Amino acid sequence: MIITSLGIINYKSFDDQGIIIDNLGKTNLFIGKNNSGKSNILTFLKLLSQNIKDLKKMPLQTIENQYRRSAETAKLKLIVSVANLSRYYGTLTDVFTPETLLCISFDPKGNSVGIGDQFNLSKSQLLRLQTQYSDAPPEKLQEIIKDTLLQSVIGILKESFENLIYIPHFREIHEDSKEAVDEKNINGQNIISALFKMQNPKVGSENERQTFDEIQEFIRKLIGDPNLKVEVPHDKETILIEMQGNRLPLQSFGTGIHELVILCSALAIYKNYTVCIEEPELHLHPDLQRKFLKFIHDKTHNTYFITTHSNIFLDFDKNVNIYHVTHNGKASGVVKASTEAVTYDILDDLGYKASDLLQANSILWVEGPSDRVFLNKWISILDPDLLEGVHYSVMFYGGRLLAHVTMSNDNEDNLIKLLRINRNSIIIIDRDGLSDTAIINDTKTRIENETTRGICWITRGREIENYISTSTLSRYVERKTGKSLSLIFKRNMKIGNVLNHATNIEYDRNKVKYAKEIVAYIDPNDLDILDLRERVQSIILKVKEWNNIG
């Protein structure tokens with residue numbers, strides 16, 4: 001998307017102040033209550049695309065498309081970089097840097113363009129452009145530039161929205177005797193014929209079979225079955241799915257599979273498009289919702305505008321742009337969810353209470369913040385796709401406070417029940433003691449015996465730092481001192497004593513700082529120490545199980 005930000009004015013629920021959708025990206029989600037105005041954003045883009053060849057024909061003054069029957073024409077506000085505009089109008093770079101962002105108000109109905117104050121060029125700037133426009137005096141040159149800029153804006157709109165498909169919320173695969181009237185509207189009609197043509201292409205059109213195979217692969221990945229097969233029989237009355245030993249009509253597998261076939265077919269057929277999707281979560285299990293959103297972000301090459309009511313999509317705030325759409329009784333507004341406060345407002349609008357939601361699908365309980373640094377590093381080495389804050393959270397119980405918590409909901413003592421906070425819990429405990437034969441104290445033994453659902457990991461070494469290999473520590477010390485030293489670091493030694501002796505570092509004074517420095521020197525081979533690799537792999541498997549990740 002070469003448009004940086006997009007605004008809509010005087011259209012349906014958007015008043016003369018309009019809305020601005022800032023910092024557009026590849027995947028843009030619009031979340032809010034019913035009737036807040038989410039769908040109006042998508043319908044405006046669809047209307048723009050349908051009339052892109054003659055924008056004067058856009059029905060912007062019909063009652064259904066007006067803001068409260070206003071006589072004002074709907075407008076677009078575009079924020080575009082000079083670098084993108086100059087693809088159509090190169091002279092701009094003579095007076096602006098390529099990085100300069102220009103705010104332009106565009107009236108599709110009248111094919112007119114309004115330019116912000118930054119476009120009121122000085123006389124010296126105008127003189128630099130004057131040689132390119134006959135003998136127009138400076139006072140006329142501004143108007144000439146404005147008229148020429150109009151064609152640039154239309155070019156940008158065509159490049160961004162001419163190739164657009166719209167997938168409404170009502171989707172059902174069935175064969176229709178008539179061709180779909182609106183080729184930009186993908187609702188499931190004639191999808192069987194389209195798939196049949198791709199499955200059995202004419203000679204010279206073998207690339208269509210490749211598209212069919214892509215659709216099948218899309219569905220395989222989303223369903224999690226590498227052997228799934230899609231087939232359209234010769235009578236084209238249905239679509240057959242072969243999965244887990246069953247070869248049955250598509251309708252036998254439920255509406256969720258219907259959804260995936262339509263969505264995946266559209267995304268395979270239409271590449272490098274702008275894709276507007278209404279509520280893709282309909283009929284999709286939450287795990288499929290996560291997989292679908294990750295898939296379109298990682299594996300497709302379209303720009304997406306998606307409306308949704310699903311809180312599941314909030315998990316992907318690092319990969320997508322999320323916008324909160326609200327209606328104050330008069331007009332719609334849009335705010336990007338760039339702060340926690342806006343995210344909480346979205347959850348309130350969706351009707352979720354704090355007790356309805358697990359803020360993470362699993363919790364890893366550790367003694368303190370430095371333990372978190374090491375644990376996250378080990379997890380990232382063995383499975384970089386697992387993300388803290390999405391798939392798991394790390395919480396601290398504090399060493400001596402362990403005696404006041406329990407991993408059992410049946411414990412009658414006056415203890416804090418960790419499973420009430422999150423039933424998917426893993427707890428990691430330092431063994432302590434000066435030798436391998438040191439007896440594990442009663443509290444740790446109790447916690448270990450109480451743990452039946454999750455994992456209780458009591459370190460094999462003295463504490464979690466004893467899983468740092470001697471080679472890791474030696475590389476770190478060499479970097480800090482510039483000297484190659486022969487270190488001795490055993491499972492029952494305190495890391496602080498070793499570092500203090502070798503480098504005068506007082507590790508216990510700032511554990512988090514030094515932990516962050518040390519993990520930079522850990523490589524995959526350094527996990528083959530004591531039971532570290534086995535323990536971290538078991539945590540990864542459990543977290544993936546709790547997140548329904550295959």
Point to revise | Global geometry of the stretch 358-403, whether rounded, prolate or oblate, following the gyration tensor of its Cα atoms and the 1.5 cut on a/c | key: oblate
Revision key, fill the gap. Binned at 10 Å starting from 0, the alpha-carbon pair-distance distribution of the chain in whole percents comes out as 3, 14, 19, 18, 17, 14, 10, 3, 1, 0
Exercise for review: Ignoring everything but the protein chains, give the 1.4 Å probe accessible area of Lys544 in square angstrom, nearest 10.
Suggested key: 50
Review point. Rounded to a whole number, what % of the accessible area of the chain do carbon and sulfur atoms account for, probe 1.4 Å?
Key: 47
Exercise for review: Please work out how much accessible surface Glu159 shows to a 1.4 Å probe, ignoring ligands, DNA and RNA, in Å² rounded to 10.
Suggested key: 80
Review point. Between Thr100 and Tyr344, what is the FRET efficiency for a Förster distance of 30 Å, r being their Cβ-Cβ separation, to the nearest 0.05?
Key: 0.25
Check your understanding: So what is the 222 nm mean residue ellipticity for the chain from helices alone, if each DSSP H run of at least 4 adds -39500 (n - 2.57) and you divide by all residues, rounding to the nearest 500 deg cm²/dmol?
Key -> -10500 deg cm²/dmol
Study note, to complete from the structure: With every protein chain kept in place and a 1.4 Å probe, the residues Ile215, Ile440 fall, from largest accessible area down, as Ile440, Ile215
Point to revise | Percent RCO, i.e. relative contact order, over the stretch 212-266, from Cα pairs under 8 Å lying at least 6 residues apart | key: 27
Practice item. Could I have the simple spin-label model distance between Ile416 and Glu242, label points 7 Å from Cα toward Cβ, reported in nm to one decimal? Key: 5.6
Practice item. Just check the stretch 39-90 against the gyration tensor rule for me: Cα atoms, a ≥ b ≥ c as the square roots of the eigenvalues, rounded for a/c under 1.5, and otherwise prolate or oblate depending on whether a/b exceeds b/c. Key: prolate
Practice item. Indicate, rounded to the nearest 5 percent, the antiparallel portion of the DSSP beta bridges found entirely in the chain. Key: 50
**Study point:** Chain lengthening between Glu448 and Glu143 when straightened (0.36 nm per residue, less Cα-Cα)
**Key:** 102.0 nm
Review point. Relative to the Cα centre, what is the charge dipole magnitude of the stretch 226-285, using +1 at the beta carbon of each Lys and Arg, -1 at the beta carbon of each Asp and Glu, and rounding to the nearest 20 debye?
Key: 240
Practice item. For Asp213, tell me the accessible area in Å² from a 1.4 Å probe, rounded to the nearest 10. Key: 60
Review point. So which lysines can Lys494 reach, going by Cα to Cα under 23 Å and dropping same-chain residues fewer than 8 places off?
Key: Lys377, Lys444, Lys480, Lys483, Lys511, Lys513, Lys516
Study note, to complete from the structure: Gyration tensor on Cα atoms of the stretch 1-84, a ≥ b ≥ c root eigenvalues, a/c under 1.5 rounded, else prolate if a/b beats b/c, else oblate, says oblate
Point to revise | Extension gain, Asn548 back to Ser112 (0.36 nm per residue minus Cα-Cα distance, nm) | key: 151.8 nm
Check your understanding: Heavy-atom accessible area per residue, the chain, 1.4 Å probe: how many Å²?
Key -> 49
Practice item. Counting only C-alpha contacts under 8 Å and six or more residues apart, can you give the relative contact order of the chain as a whole percent? Key: 13
Revision key, fill the gap. Contact order relative to length for the stretch 397-550, counting C-alpha pairs under 8 Å separated by 6 or more residues, stands in percent at 19
Practice item. Just subtract the alpha-carbon distance of Thr481 and His404 from 0.36 nm times their residue separation and send over the number in nm, one decimal. Key: 23.5 nm
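The values are calculated or read from the model by the stated rules, or taken from the named source; none is laboratory data. Worth saying up front: this structure is predicted, and the values here are computed from it rather than measured. In this analysis, Cβ positions are derived from the backbone assuming ideal geometry, glycine residues included, and neighbour counts consider all displayed protein chains. To get the accessible areas, we keep the full protein, side chains included, count just its heavy atoms, and leave off ligands, DNA and RNA. Shrake-Rupley method; radii C 1.70, N 1.55, O 1.52, S 1.80 Å.
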